[in-house]
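Notes for the one structure printed next.
The values are calculated or read from the model by the stated rules, or taken from the named source; none is laboratory data. Since the structure is predicted, the reported quantities are computational estimates derived from the model, not experimental observations. Here the Cβ is made from the backbone with ideal geometry for all residues, glycine too, and neighbour counts use every protein chain on show.
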Ligand SMILES: [Zn+2]
């Protein structure tokens, strides 16, 4: 499988550290508010990678953190504390906010068929791990104490800007936001590992540490949680492109300084979901959540399909019109699958199935080309083969795409059978009863019991149901 690696800026053949096994780390949400659908695009595409690796036969272990402590509103360790901001907004404690929005996040994931990672670790459960790692960084000379805080010393690294395209200039972002530079830092790129003093509003949650009562920086969280559950060599680290710098850059700095060797081999970054006015955010414009989509009558699967229609390394533009198009496409797709009807003696054409599967895996093996994988799905529907083979191929593909194709199609088929019988103006139960009466009348006629046959006709007529005899049999009509 070819996977684009942000470290080398090219597609590389994916080779895990241990054959047959994949360790995968995903940056989780900061649980201070609902996730917007732009964040969820990242989780959908990571889900495809996770599921496709499993489909390809790998034993995957996937870990995700939950940021339930700290994490300032700006990534450069500046700005306001997001958790505290959420707590103040809703007049709750930080931990109440964390519990509520963690739950909301996993509800959204469930609605979008995003598989739950194997390990979900809240930052507040790992404080002693953070402290131990920071101590090692201090002992090795990669960290220093200044003004009550512990900082990572980026000048001690051979290379800090590991992802090309990021420079010192990126650090100026904080300045543009009107935040003063932190005078304690020896180098501009240094970042906080542990806070005991902050010029910002006090953190609600604090822990004892060798450096005083305080709380961890954001970046140390992911480094420690990943190494705790996935060991010293990580196969794949995923996240949104906005985390590449400084968050992921700092994760690499910390881990490799701590370990003394290379830590993660492949970095997968999902590009932004934009609106017509720019990058989607919680504060700008309409706050787009899964709940809002549902309220407006969209099936969350239409949004999942919308995401799969484009490549994860391209920015995607959201508009209601674009989502409408995806919803119509989804509905038509389900309609076509629902219309597949198998003959009773039909058997699956294994050769055709293998060819379908190959087209599908070729698409995903090429850096998760989901839009080509969808083409493979349409090619199944168009193919000249029996319905049983098509169903089997679609079922197989949907185990990765997870668009609820087969369930939605059988619901649609059942609903249309029901409306076909209710085309006569009666419920399916009554239609069944009438058909039984028609059969009873036919049997009576056959037995020359005309009195019984007439009695049945009259009984139904009294209820407003008229029987119509023709050479093809008896049908009914409701007055
Ligand atoms: Zn992270």
(message) Please go through region 7-51 and give me each residue that is within 16 Å of the ligand (Cβ to nearest atom) and touching a helix residue (DSSP H, G or I) at 6+ places or on another chain (Cβ under 6 Å), ordered by number.
(response) 23, 25, 26, 27, 29, 30, 31, 32, 35
(request) Look at residue 206 and say whether it is away from the ligand (no atom under 13 Å from the Cβ) and farther than 16 Å from residue 160 by Cα. (result) yes
(request) Go through region 332-367 and count every residue that is in a helix (DSSP H, G or I) and either touching a strand residue (DSSP E or B) at 6+ places or on another chain (Cβ under 7 Å) or surrounded by 14 or more Cβ atoms within 10 Å (Cβ to Cβ) (or both). (result) 17
(request) Please determine, by comparing only the residues of region 243-261 that are touching a residue at least 40 places away in the same chain (Cβ under 8 Å), within 12 Å of the ligand (Cβ to nearest atom) and touching a strand residue (DSSP E or B) at 6+ places or on another chain (Cβ under 9 Å), which one is farthest from residue 313 (Cα to Cα). (result) 254
(message) Looking at region 166-185, can you tell me whether even one residue there is modelled with pLDDT of 90 or more and either more than 16 Å from the ligand (Cβ to nearest atom) or farther than 19 Å from residue 145 by Cβ (or both)?
(response) yes
(message) Against the condition touching a residue at least 60 places away in the same chain (Cβ under 8 Å), outside any helix (DSSP H, G or I) and surrounded by 15 or more Cβ atoms within 10 Å (Cβ to Cβ), how does residue 374 come out, does it pass?
(response) no
(request) Determine whether residue 201 is at pLDDT 95 or above, more than 13 Å from the ligand (Cβ to nearest atom), under 34 Å from the mean Cα position of the chain (by Cα) and in a loop (DSSP other than H, G, I, E, B). (result) no
(request) Go through (1) modelled with pLDDT of 95 or more; (2) touching a strand residue (DSSP E or B) at 6+ places or on another chain (Cβ under 7 Å); (3) away from the ligand (no atom under 15 Å from the Cβ) and name the single condition residue 55 misses. (result) (2)
(request) Write out, first by first residue and then by second, each pair whose Cβ atoms fall under 7 Å of each other, whose residues are 6+ apart or on separate chains, and whose first residue, in region 13-40, is at positive phi while the second is part of a loop (DSSP other than H, G, I, E, B) and more than 15 Å from the ligand (Cβ to nearest atom). (result) 20/58
(message) Given (1) surrounded by 22 or more Cβ atoms within 10 Å (Cβ to Cβ); (2) within 22 Å of residue 18 (Cα to Cα), identify the lone condition not met by residue 259.
(response) (1)
(request) Name the one entry in 38, 28 that is within 24 Å of residue 245 (Cβ to Cβ) and in a helix (DSSP H, G or I). (result) 38
(request) Could you tell me which residue of region 86-142 is surrounded by the most Cβ atoms within 10 Å (Cβ to Cβ), considering only residues that are free of Cβ contacts under 8 Å to residues at least 24 places away in the same chain and part of a loop (DSSP other than H, G, I, E, B)? (result) 92
(request) Please specify each residue of region 214-242 satisfying the condition of being within 11 Å of the ligand (Cβ to nearest atom), assigned to a strand (DSSP E or B) and either assigned by TED's automatic domain parsing to the domain that holds residue 315 or buried (at least 24 other Cβ atoms within 10 Å of the Cβ) (or both). (result) 237, 238
